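Peer 1: Please see the structure below; I have some questions.
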């Protein structure tokens, strides 16, 4: 969603495109990492995360 919305906003506000798109490289890199992830590894990580005790912060 970040890359889609920021791309759309950069078209709407070209004078602020550099500012709007400043984090897109990181977002694209993370999407690429998700694309390379193996399905079974993702499910295992989600299962581990769901069995962890809740961490409450203030």
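Throughout, read-outs are computed from the coordinates displayed, never taken from laboratory work. Treat the numbers as computed from the prediction; the structure is a model and nothing was measured. Glycine gets a Cβ as well: all are built from the backbone with ideal geometry, and neighbour counts include every protein chain shown.
Peer 1: Considering only the stretch 20-42, how many residues are free of Cβ contacts under 8 Å to residues at least 24 places away in the same chain, within 30 Å of residue 7 (Cβ to Cβ) and in a helix (DSSP H, G or I)?
Peer 2: Here the count works out to 14.
Peer 1: Are any residues in the stretch 1-17 within 14 Å of the chain's Cα centre (by Cα) and assigned to a helix (DSSP H, G or I), and if so, which ones?
Peer 2: Scanning the stretch 1-17 gives 2, 3, 4, 5, 6.
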